[in-house]
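Trainee: Dropping the structure in here first, questions after.
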Amino acid sequence: MLSETTYHRPNSLDQACNLLSENPDAILLSGCQSLGLLSKEGIVSLDTIIDLNRISELREISYKNGSLYIGALATHRDIETSQTVQTHLPLLSTAAKQIADVQIRNAGTIGGTCAYADPTADYPPVLMATNATVHSRSTTESFEYSTRDSFFVDYYESAIGPEEIITSITIPVSKDAGFGFEKLAYRKNDRAIVNVATILETKKGMCTRSDICVAGVWDTPLIANEAMNSLLGTQLTDDDLSRASEMSQEEILVCDDPLISVEYRSAMVGVLTKKALKTARGDLS
Amino acid sequence: MILNFKVNDTTHETNIDPSMPLADVLHDVLGYKSVKQSCSTGICGACTIRINGEARKSCLHMAGQAADSNISTVEGLSKNGSMSPLQEAFIDNFSFQCGFCTPGFLMSAAALLDENSAPSEEEIRDSLHGNICRCTGYLSIIDGVKDAAKRITEGGN
Ligand SMILES: Cc1cc2nc3c(=O)[nH]c(=O)nc-3n(C[C@H](O)[C@H](O)[C@H](O)COP(=O)(O)OP(=O)(O)OC[C@H]3O[C@@H](n4cnc5c(N)ncnc54)[C@H](O)[C@@H]3O)c2cc1C
Ligand code: FES
Ligand code: FES
């Protein structure tokens, strides 16, 4: 028989950090909605587990000084139903609602999703479009990662080091912004074939901010820089949005997939960008 | 590791590997045979149980994660030997054929109805989205949940 897993259930973040530094090979456990699969496939070995679920300080959701604070242990369901998130960043609750199903949303967490860095996940394009920051800690140090520049490093690879625990995500929010989120999946709420998050802002009818992030088609989510720049200073007419969507389709890299052609997914990048931009434009007050 | 599981208000002390899937603990170790597994990968919902009232997929929880929480399974739905209105509504609406998926649907529906005793059809569909049935075609299950909501509201139960 294989030896039994050593299982720790710390009550505080300090305890968890100490445990991780004493057991560098330990696996952190949040919702288990991805780890469950990894362990069944034999991809991770569960010699030592540090279960974060009792650290209630990690589950806070709040709004302070123009910034939304989401604790790493906030579940998808917390985020979907939180009045604070719905008020300040409905884009994030919209994305949460499109994750899998109620059972998985009750268990899965935003911290686990960020650490897992699944290229088809639904929060990453939102976090990159909003320019969110991921915060983590080890016993001795605190770290901050810009999702836009440095957090999602590669296919299922985030920037956090082996001794770090993700503690929270902070997101600057603007009350003048309009948001769009589109997801294409085989069946409603399945994993994304393509998903797109967009943010627009205008002053006196002119576009002053545009953010477009596309995921599901490459190893990491990608920012559509040229498409974004093309919108600045325009009046966001249908033509402007169409042109930006075509540019997004041009510039977003699409990798091979055994099931769906590159051409189709690339075309869908254009279609979904346009839809999400239209929603964001309609959402501007 | 010694772990305590509180299932339908009965506490069980076990000595098991804390990384064992909760579905195996409930079915194989503790004998709650209503807890079915089909995919064991979070897709089918057959293993749905409730943890502290919330519908969860027990194949994707580790034993250690669920220990000391309040777990409920179909075995806890009946009271004093009589079935709950939800179970009766499932029977009367032909909400199952082979029945393998039924415990999962019942626990998802029970979680919904405890939170919202007058759900819309959309809310019912949303709460059952994570449960797969290969027999009924779903419509009779949705009818069963609607009927259960009516019985619960009317019966004041
Ligand atoms: C059937 C199914 C469908 C799904 N569909 C979708 C979908 O449509 N969209 C979507 O976005 N997601 C989907 N998911 C994934 C789901 O959202 C998971 O909840 C998420 O990927 C992982 O979060 P978790 O809290 O469950 O993490 P866990 O499974 O507990 O952990 C995942 C990884 O992150 C590490 N980790 C966990 N917490 C931390 C932390 N605080 N700091 C550092 N490392 C940490 C763990 O060690 C592990 O390596 C689906 C999952 C399943 C099973
Ligand atoms: S057995 Fe758990 S979801 Fe299928
Ligand atoms: S009744 Fe047979 S799978 Fe649903």
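The values are calculated or read from the model by the stated rules, or taken from the named source; none is laboratory data. Just so it is clear, the model here is predicted, and its values are computed rather than measured. Don't worry about glycine lacking a Cβ; one is built from the backbone with ideal geometry, like all the others, and counts go over all protein chains shown. Accessible surface areas use protein heavy atoms only, side chains included; no ligands, DNA or RNA. Shrake-Rupley method; radii C 1.70, N 1.55, O 1.52, S 1.80 Å.
Trainee: Just a yes or no: is a residue in the stretch A:74-85 in a loop (DSSP other than H, G, I, E, B) and either assigned by TED's automatic domain parsing to the domain that holds A:Ala115 or free of Cβ contacts under 8 Å to residues at least 60 places away in the same chain (or both)?
Mentor: yes
Trainee: Out of (1) more than 16 Å from ligand 3 (Cβ to nearest atom); (2) open to solvent by 10 Å² or more (accessible area, probe 1.4 Å); (3) away from chain A (no Cβ under 14 Å), the odd one out for B:Leu26 is which?
Mentor: (2)
Trainee: If A:Gln98 passes every condition in (1) more than 23 Å from the chain's Cα centre (by Cα); (2) within 9 Å of ligand 1 (Cβ to nearest atom) but one, which one does it miss?
Mentor: (1)
Trainee: Could you give every pair whose Cβ atoms fall below 9 Å, whose first residue belongs to the stretch A:33-53 and is farther than 17 Å from B:Cys59 by Cβ, and whose second residue is open to solvent by 40 Å² or more (accessible area, probe 1.4 Å) and within 16 Å of ligand 3 (Cβ to nearest atom), counting only separations of at least 6 or pairs across chains?
Mentor: none
Trainee: Pull out all pairs, ordered by first then second residue, where Cβ-Cβ is under 7 Å, the residues are six or more apart or on different chains, the first lies in the stretch A:201-222 and is not assigned by TED's automatic domain parsing to the domain that holds A:Leu127 and in a loop (DSSP other than H, G, I, E, B), and the second is among the aromatic types (Phe, Trp, Tyr) and modelled with pLDDT of 95 or more.
Mentor: A:Asp219/A:Tyr155; A:Thr220/A:Phe152; A:Pro221/A:Phe152
Trainee: While we're on this one: Could you tell me which numbered condition A:Arg105 fails, if it satisfies all but one of (1) closer than 23 Å to A:Ala276 by Cβ; (2) within 12 Å of chain B (Cβ to nearest Cβ); (3) part of a helix (DSSP H, G or I); (4) open to solvent by 20 Å² or more (accessible area, probe 1.4 Å)?
Mentor: All conditions pass for A:Arg105, except number (4).
Trainee: Just need a number here: residues in the stretch A:20-46 that are away from ligand 1 (no atom under 11 Å from the Cβ) and open to solvent by less than 30 Å² (accessible area, probe 1.4 Å).
Mentor: Total meeting the criteria: 0.
Trainee: Residues in the stretch A:223-230: is at least one on the phi > 0 side of the Ramachandran plot, buried (at least 21 other Cβ atoms within 10 Å of the Cβ) and assigned to a loop (DSSP other than H, G, I, E, B)?
Mentor: Within the stretch A:223-230 (the criterion being on the phi > 0 side of the Ramachandran plot, buried (at least 21 other Cβ atoms within 10 Å of the Cβ) and assigned to a loop (DSSP other than H, G, I, E, B)), the answer is no, since none of the residues qualifies.
Trainee: Can you say whether B:Ile49 is surrounded by 14 or more Cβ atoms within 10 Å (Cβ to Cβ), more than 9 Å from chain A (Cβ to nearest Cβ), assigned to a strand (DSSP E or B) and within 11 Å of ligand 2 (Cβ to nearest atom), as far as the supplied structure shows?
Mentor: Here the answer is yes, as B:Ile49 does meet what is asked.
Quick grid of which residues meet (1) β-branched (Val, Ile, Thr); (2) more than 13 Å from chain A (Cβ to nearest Cβ); (3) away from ligand 2 (no atom under 16 Å from the Cβ); (4) touching a residue at least 60 places away in the same chain (Cβ under 8 Å):
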position	(1), (2), (3), (4)
B:Ile91	yes, yes, yes, no
B:Cys101	no, yes, no, yes
B:Ser108	no, no, no, yes
B:Ser120	no, yes, yes, no
B:Asp126	no, no, yes, no
B:Gly155	no, yes, yes, yes
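Trainee: Looking at the structure I just gave you, is A:Ala100 open to solvent by less than 40 Å² (accessible area, probe 1.4 Å), assigned to a loop (DSSP other than H, G, I, E, B) and at pLDDT 95 or above?
Mentor: Answer is yes for this residue.
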